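First up is the structure itself, then whatever we jot down about it.
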Amino acid sequence: MARKPTPLDTTVTFLEMTARPAMRAALPLGVNAVILHAEEPPLAFYRYLQFQVGHPWHWESRLRMDDETLAGRIHAETTDIFVVYLDGAPAGFFEIDRAKADVTDLAYFGLMPHASGRGLGRWLLMSAIDACWANEPARITVNTCTLDHPAALPLYQKLGFRPYRQAPGQVVPLAKADLHRLAEQGVTAA
């Protein structure tokens, strides 16, 4: 019988931004990167992005969703997904949720391991912030947790997000069966 993974305790920090920042972040010199809007991305590609960016940080909820539920979330009119390509290959993404009229949520944001350390984080986050402000909400939100990349919270705060609440949370890591299923779907391929 397969053992179920032990849940991991975490603290979730909820952040908000109530005014568009004046600062801008340029693409680092000598870096060949572009951000493209992914309109209705194939589910396998989306799962690939989620896994490659989020697996080290225990992003698991979207990877457990069945096709119908996942398609309903990511293909909704209120969802925008942007993919960053580095030297022609996917290197990260961000996802925006505009389901609430006055609040835009930066639902997911991150880079793949091969893109880390190249100076892309600040540029990508600033691009995500600009995209969040496009529909002129009253505020934009994002959350992170203590299981996330150690630079996540400081970067959010550096670019203008302010914490407004913390709460305990728990994440159940992907089980071996989940990883085998994802491998069969080609999601875990590099």
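Scanning region 45-64 turns up one or more residues that are under 19 Å from Ile129 (Cα atoms) and crowded, with 17+ Cβ neighbours inside 10 Å. Scanning region 122-145 for residues that are polar (S, T, N, Q) and closer than 13 Å to Asp97 by Cα returns Asn135, Thr141, Asn143.
Within region 1-21, the residues that satisfy the criterion of being within 15 Å of Thr104 (Cα to Cα) and touching a Pro at 6+ places or on another chain (Cβ under 9 Å) are Phe14, Leu15, Glu16. Check off (1) in contact (Cβ under 8 Å) with a residue 24 or more places away in the chain; (2) over 25 Å from Pro113 (Cα atoms); (3) among the acidic types (Asp, Glu) for Asp178 and give me the number that stays unchecked. Only one criterion in (1) in contact (Cβ under 8 Å) with a residue 24 or more places away in the chain; (2) over 25 Å from Pro113 (Cα atoms); (3) among the acidic types (Asp, Glu) is unmet by Asp178, namely (2). For region 1-59, the set of residues classified as free of Cβ contacts under 8 Å to residues at least 24 places away in the same chain, closer than 25 Å to Gly88 by Cβ and over 19 Å from the mean Cα position of the chain (by Cα) consists of Leu29, Gly30, listed by residue number. Only one of the listed residues (Ala138, Ala107, Ala101) is more than 14 Å from Ala25 (Cα to Cα), at pLDDT below 95 and among the hydrophobic types (A, V, I, L, M, F, W, C). That residue is Ala101.
Name the residue that is farthest from Thr18 (Cα to Cα), counting only residues in region 134-170 that are of a type outside the set (S, T, N, Q) and in contact with a Pro (Cβ under 7 Å, 6 or more places away or on another chain). So the residue we want is Leu159. Scanning region 100-116 for residues that are more than 21 Å from Arg47 (Cα to Cα), touching a strand residue (DSSP E or B) at 6+ places or on another chain (Cβ under 8 Å) and not acidic (Asp, Glu) gives Val103, Thr104. Which members of region 156-190 meet the condition of being under 22 Å from Leu8 (Cβ atoms) and at pLDDT 85 or above? Tyr156, Pro163, Arg165, Gln166, Ala167, Pro168, Gly169, Gln170, Val171, Val172, Pro173 - these are the residues of region 156-190 that are under 22 Å from Leu8 (Cβ atoms) and at pLDDT 85 or above. Within region 76-86, restricting attention to residues that are out of contact with any Phe, Trp or Tyr (no Cβ under 7 Å at 6 or more places or on another chain) and in a strand (DSSP E or B), the residue that is surrounded by the most Cβ atoms within 10 Å (Cβ to Cβ) is Asp80.
The values are calculated or read from the model by the stated rules, or taken from the named source; none is laboratory data. Small disclaimer: the values here were computed from a predicted structure and weren't measured. A quick note on method: Cβ atoms are made from the backbone with ideal geometry, for glycine too, and the neighbour counts reach across all protein chains shown.
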